[in-house]
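**Student:** Pasting a structure below so you can have a look.
Taken together, the values in this text are just the output of simple stated rules run on the coordinates, not laboratory data. Since this is a predicted model, take the numbers as computed values, not measurements. We place every Cβ from the backbone using ideal geometry, glycine too, and count neighbours over all the protein chains shown.
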Amino acid sequence: MGMIALNILADVLYDLLKPDKPHLRPRCDCDITYLYSEHRNLNKHIPSNSWGGQWQRIQTTDIAIGDDIERIRLTRNELQHSRIFHLDDKRFNELRNILSDLLKRFDQHNKPTRLYTDHLNEILAKTISAEEVKSIKNEILGMAIEVEIEHQINVSTQ
């Protein structure tokens with residue numbers, strides 16, 4: 001989910017801002033926080049419940065561009081400020097559905113050369129099985145053991 005937030009959502013905000021801000025920094029220098037503040041300062045696409053809203057205040061019927069800008073900010077904050085790097089299946093699916101709907105609207109509005117929804121679907125298709133996770137975990141544990149043994153061998157005894 002982090003890949004989606006950092007890449008596609010920042011692209012959406014950048015593409016939306018570009019026509020209104022001719023001297024915008026290059027895309028590689030813009031993150032979601034910067035782009036959100038630029039949109040807020042521009043004040044062109046005002047959210048239904050004003051700027052800086054919370055998930056609880058955004059209704060599914062709030063589909064103005066400003067509402068989707070707020071959804072992007074809230075998604076970014078949820079992912080970046082989480083104390084644990086984990087989304088349970090229920091929340092992952094909720095965010096996936098929210099972002100899928102939002103990206104469909106921005107596909108229509110921004111008309112990107114590569115559809116945001118295609119990019120989302122490509123990322124979501126990149127799944128790893130439980131067996132692959134177990135294999136990677138065992139590999140990592142194996143590395144930790146090797147490092148520990150290597151460290152013990154290099155320690156001189158006195």
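**Student:** Applying the Karplus parametrisation 6.51 cos²θ - 1.76 cosθ + 1.60 with θ = phi - 60° to the phi angles of the stretch 14-21, what ³J(HN,Hα) value in whole Hz is obtained for each residue in order, glycine and proline being reported as x?
**Tutor:** Working through the residues one at a time gives 5, 4, 5, 7, 3, x, 8, 9 Hz.
**Student:** Just to be sure I understand the model, the point goes 7 Å from the Cα along the line to the Cβ. What's the resulting Arg91 to Asn49 distance in nm?
**Tutor:** 1.8 nm
**Student:** Lys134 to Gln108: FRET efficiency via 1/(1 + (r/R0)^6), r the Cβ-Cβ distance, R0 30 Å, to the nearest 0.05?
**Tutor:** After rounding, the FRET efficiency stands at 0.10.
**Student:** May I ask you to evaluate 6.51 cos²θ - 1.76 cosθ + 1.60, the Karplus curve with θ = phi - 60°, for each residue of the stretch 114-121 and list the ³J(HN,Hα) values in order in whole Hz, giving x for glycine and proline?
**Tutor:** Whole-Hz 3J(HN,Hα) from phi for the stretch 114-121: 10, 4, 4, 5, 5, 5, 4, 4.
**Student:** Extension gain Glu122-Leu42, at 0.36 nm per residue separation less the Cα-Cα distance, in nm?
**Tutor:** Taking 0.36 nm per residue and subtracting the Cα distance, the gain is 25.6 nm.
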